[in-house]
Amino acid sequence: MKIHFIAIGGSAMHNLALALVNKGYQITGSDDAIFEPSRSRLENHGILPEKMGWFPEKITSDLDAVILGMHAHEDNTELIKAQELGIKIYSYPEFLYEQSKNKTRVVIAGSHGKTTITSMILHVLNYHHKEVDYMVGAQLEGFDNMVKLTHDNEFIILEGDEYLSSPIDRRSKFLLYQPNIALISGIAWDHINVFPTFDSYKQQFTDFVNSISPGGALIYNQEDQEVVEVVEKSENYLKKFPYHTPEYTIRDEQVFLQTHEGEVRLSVFGRHNILNLEGARLICNQLGVWDEEFYEAIISFKGASRRLEKIYENQNYLVYKDFAHAPSKVSATVKAVKENYSNKKLVACLELHTYSSLNPEFLLQYKNSLDAADQALVFYSEEALKIKRMQPIPTEFIRESFGRPDLMVFTESASLQNYLCEMDKSNAVFLMMSSGNYGGMNLDQIFN
């Protein structure tokens with residue numbers, strides 16, 4: 001097949017393009033900007049666009065399909081040309097369904113934890129040499145690509161995102177997959193730019209449960225009341241498997257899981273990760289991997305990229321970096337680090353980077369999310385606000401929203417960097433949380 005990608009440079013899009021090259025497809029693409037590592041990876045596979053920009057002449061009648069990324073707009077000239085020629089236009093999730101409609105589809109959904117759970121499942125399957133197709137939202141150790149598509153594998157494991165499918169398809173991505181087996185890890189309001197109320201956001205998960213193939217299996221977090229409500233009110237005929245946090249202990253900053261197979265030492269920590277692990281175990285059971293095999297494999301799981309990732313350690317202090325930005329993720333991550341390093345001073349530094357986190361109305365959702373930290377810092381870029389056409393946020397309002405009068409607020413990366421460089425780091429653990437880069441701040445200069 002001959003397929004063209006509009007906005008090929010995105011993290012998800014370029015990984016799908018590489019997967020299709022590996023499958024033998026003829027791939028072309030366009031974008032107005034492509035950054036590393038996407039750029040090098042596309043170049044190594046011979047599909048990096050020669051010039052940046054949109055070129056309608058690339059859209060020809062011999063194309064079998066066009067895949068449209070979220071980075072493009074409805075008035076994109078290549079999209080308009082494809083529409084004029086009547087070429088089939090897929091969103092990213094729509095195309096993944098097309099590639100997997102004859103497979104058993106396993107979809108991991110939830111406002112938080114879905115990347116980690118998907119990563120745990122893939123780690124266990126890879127450990128036991130069980131071949132599956134997959135799509136996951138982070139680079140994993142032992143995996144060359146974030147997407148794998150084959151003709152022959154029976155199962156496909158899909159991380160299910162509730163965000164929009166494409167500029168011309170306003171459905172949540174996970175509604176297109178029609179899973180046979182599904183998991184919901186939690187529901188906490190996010191993406192307020194497209195779901196302006198919590199009810200409109202929660203409705204996506206109700207629709208997701210109803211999209212599961214009748215007779216399929218649903219694994220769900222019974223500790224999350226919103227999840228329980230969604231599952232209980234669904235009339236879809238499903239096999240339901242609730243899960244909760246298993247017993248564990250912490251000794252010398254190491255986590256030990258208590259199981260019927262005995263005590264299992266883990267390489268990850270945090271109550272939320274132990275809960276994620278339990279969900280992954282039940283999914284693996286559905287795939288024919290039993291508990292003894294699961295625990296044997298999960299011992300060596302060290303986490304997904306940018307998910308509570310240790311980036312520096314010396315005899316005086318440690319530094320973790322985490323992708324957390326939504327309130328529920330921030331709260332869970334801060335509590336996890338404090339629980340594991342109870343004898344160290346925890347310095348938590350959060351960047352407000354997304355549209356939601358920079359919205360004054362939504363900021364109130366962060367109440368008490370940094371309470372477990374001994375010292376809390378918040379950074380946002382005034383330049384980012386200008387780009388998003390949003391008004392500056394008063395420092396005092398941010399402090400009130402988080403419920404911490406002692407919260408330190410920075411709006412210039414240089415000021416934050418100087419503060420972190422000069423502060424006493426002895427017996428401390430630093431938790432750097434952001435889906436951005438703190439306005440270009442160099443963490444290596446601070447912590448090396």
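Every number here is computed from the coordinates shown, using simple stated rules; none is lab data. The structure displayed is predicted, hence computed values, not measured ones. Positions of Cβ are backbone-derived with ideal geometry, glycine not excepted, and every protein chain shown enters the neighbour counts.
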Sites matching GluC sites (Glu not before Pro) across the stretch 390-443 that sit in DSSP coil, with at most 10 neighbouring C-beta atoms within 10 Å: none
Taking R0 as 25 Å and r as the Cβ-Cβ distance between D371 and Y163, the FRET efficiency 1/(1 + (r/R0)^6), rounded to the nearest 0.05, comes to 0.30
How many nm separate the modelled label positions at T150 and K302, each set 7 Å beyond the Cα in the direction of the Cβ? 2.6
XL table K202/K388; K321/K388; K344/K386; K114/K425; K239/K310; Cα-Cα > 30 Å flagged, in table order, is K344/K386; K114/K425; K239/K310
Of the trypsin sites (Lys or Arg not before Pro) in the stretch 23-70, those whose Cβ has at most 11 other Cβ within 10 Å and which sit in DSSP loop: K51
Square roots of five times the Cα gyration tensor eigenvalues for the stretch 309-447, Å: 23, 17, 13
Sorted by Cβ density within 10 Å, fewest first, the residues K302, K425: K302, K425
Taking the Cβ of F379 as the centre, find all other residues whose Cβ is under 9 Å away and add up their charges (Lys, Arg: +1; Asp, Glu: -1). -2
Amide H neighbours of K240 under 5 Å, counting only residues 5+ apart in sequence or on other chains, H built in-plane at 1.01 Å? L218
Write out the chymotrypsin sites (Phe, Trp or Tyr not before Pro) in the stretch 1-35 meeting two conditions: DSSP loop, and at most 14 other Cβ atoms within 10 Å of their Cβ. F35
Kindly put L183, L238 in sequence by how many other C-beta atoms sit within 10 Å of each C-beta, fewest to most. L238, L183
With a Förster radius of 45 Å, plug the Cβ-Cβ distance of E263 and M408 into 1/(1 + (r/R0)^6) and report the FRET value to the nearest 0.05. 0.65
At the level of C-alpha centres, the distance separating the stretch 269-292 and the stretch 385-448, in angstrom, is 35
Rounded to the nearest 500 deg cm²/dmol, what is the calculated helix-only ellipticity per residue at 222 nm for the chain, with -39500 (n - 2.57) per DSSP H run of length n ≥ 4? -9500 deg cm²/dmol
The base-10 log of I(q)/I(0) that the Debye equation returns for the stretch 95-298 at q = 0.11, 0.12, 0.16 Å⁻¹, one scatterer per C-alpha, is -0.50, -0.59, -1.06
Pair D62, I311: separation of 7 Å Cα→Cβ label points (nm): 4.6
Determine the percent antiparallel among the DSSP beta bridges restricted to the chain, to the nearest 5. 25
For E396 and S200 in the same chain, what is the full-extension length gain: residue separation times 0.36 nm, less their Cα-Cα distance, in nm? 67.5 nm
So for the stretch 309-447: antiparallel DSSP bridges make up what percent, rounded to the nearest 5? 15
Calculated from backbone phi, Karplus (6.51, -1.76, 1.60) coupling profile of the stretch 204-210 in Hz, x at Gly/Pro: 4, 6, 4, 5, 5, 4, 6
Spin-label pair K388/T245, simplified geometry with 7 Å Cα→Cβ offset, distance in nm: 3.0
Residues of the stretch 318-334 with amide N under 19 Å of a point placed 7 Å along Cα→Cβ from Q225: 327-329, 331-332
Ranked by how many other beta carbons lie within 10 Å on average, peptides 380-389, 140-149 from highest: 140-149, 380-389
Straight distance only, please: which aspartates and glutamates reach the Cα of K2 with their own Cα at less than 14 Å, same-chain residues fewer than 8 apart left out? D62, D64
Can you list residues whose amide H is under 5 Å from V409's amide H, if they're 5+ apart or on another chain and H is modeled 1.01 Å from N? V378
Would you work out the relative contact order for the chain, in percent, from Cα pairs under 8 angstrom that are 6 or more residues apart? 11
Kindly put F198, F208 in sequence by how many other C-beta atoms sit within 10 Å of each C-beta, fewest to most. F198, F208
Taking the Cβ-Cβ separation of N102 and M52 as r and a Förster radius of 41 Å, what is the calculated FRET efficiency to the nearest 0.05? 0.65
